[in-house]
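Please read the structure below before turning to the comments.
Values in this text are rule-based calculations from the coordinates and carry no lab data. What you see is a predicted model, and the numbers here were worked out from it, not measured in a lab. All Cβ positions, glycine included, derive from the backbone under ideal geometry; neighbour counts span all protein chains shown.
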Amino acid sequence: MASLARRLLTETHMALFRASRGRLLRSIGELPVLLLTTTGRRSGAARAAPLTYIEVDDGYALAASDGGAARHPDWYRNLVAQPDVVVRVGRSARPMRAEVLSEPERGRVFALFKAALKQYAVYETRTRRTIPVVLLRPLPDAKDASTPE
């Protein structure tokens with residue numbers, strides 16, 4: 001039941017985010033929200049997910065917490081299989097490449113998530129897995145695909 005509620009909440013969030021061109025629901029707590037589009041690892045279809053992020057260096061960091069679920073979220077498994085993604089922040093969309101961070105960098109960046117939104121510490125206690133942290137960086141020579149007003 002929790003999974004169904006989370007899925008409905010995610011779909012509603014995406015619909016409002018897209019309809020408002022990123023003006024509504026652009027943050028959760030202190031963290032901003034982006035729309036990540038991955039390629040389905042089995043289907044090959046585009047899959048979108050609204051996710052909180054932290055700006056790190058020249059990119060965006062994501063925590064694959066899935067609310068402390070026992071397994072990694074689908075978006076994470078998709079980008080591990082195909083690291084080229086599209087990221088929409090507000091009305092700006094751009095192609096990026098995902099890199100899963102290793103320790104100690106993963107721990108350093110995950111600590112930033114926990115400091116910004118205390119719920120991440122709770123997620124960490126709900127699961128036995130190490131919550132991965134992903135860094136999204138712009139592709140070289142990638143152009144911004146901003147949405148016109």
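Miscellaneous remarks
- Test: residue in region 32-43 that is in contact (Cβ under 8 Å) with a residue 60 or more places away in the chain, surrounded by fewer than 21 Cβ atoms within 10 Å (Cβ to Cβ) and either of a type outside the set (S, T, N, Q) or within 18 Å of Arg137 (Cβ to Cβ) (or both): no
- Checklist (1) crowded, with 16+ Cβ neighbours inside 10 Å; (2) under 12 Å from the mean Cα position of the chain (by Cα) applied to Ile131, failing item: (2)
- Single match in Arg77, Arg94, Arg128 (criterion: over 17 Å from Pro50 (Cα atoms) and among the charged types (D, E, K, R)): Arg128
- Members of region 47-90 that are under 19 Å from Leu31 (Cβ atoms) and basic (Lys, Arg): Arg88
- Residue, nearest to Leu34 (Cα to Cα), within region 98-109, restricted to residues that are out of contact with any helix residue (DSSP H, G or I) (no Cβ under 7 Å at 6 or more places or on another chain) and buried (at least 17 other Cβ atoms within 10 Å of the Cβ): Val109
- Residues in region 50-64 that are surrounded by 20 or more Cβ atoms within 10 Å (Cβ to Cβ) and in contact with a Pro (Cβ under 8 Å, 6 or more places away or on another chain): 4 in all.
- Qualifying residue in region 83-94 (condition: within 19 Å of Thr130 (Cβ to Cβ) and either touching a Leu at 6+ places or on another chain (Cβ under 6 Å) or touching a residue at least 24 places away in the same chain (Cβ under 8 Å) (or both)): no
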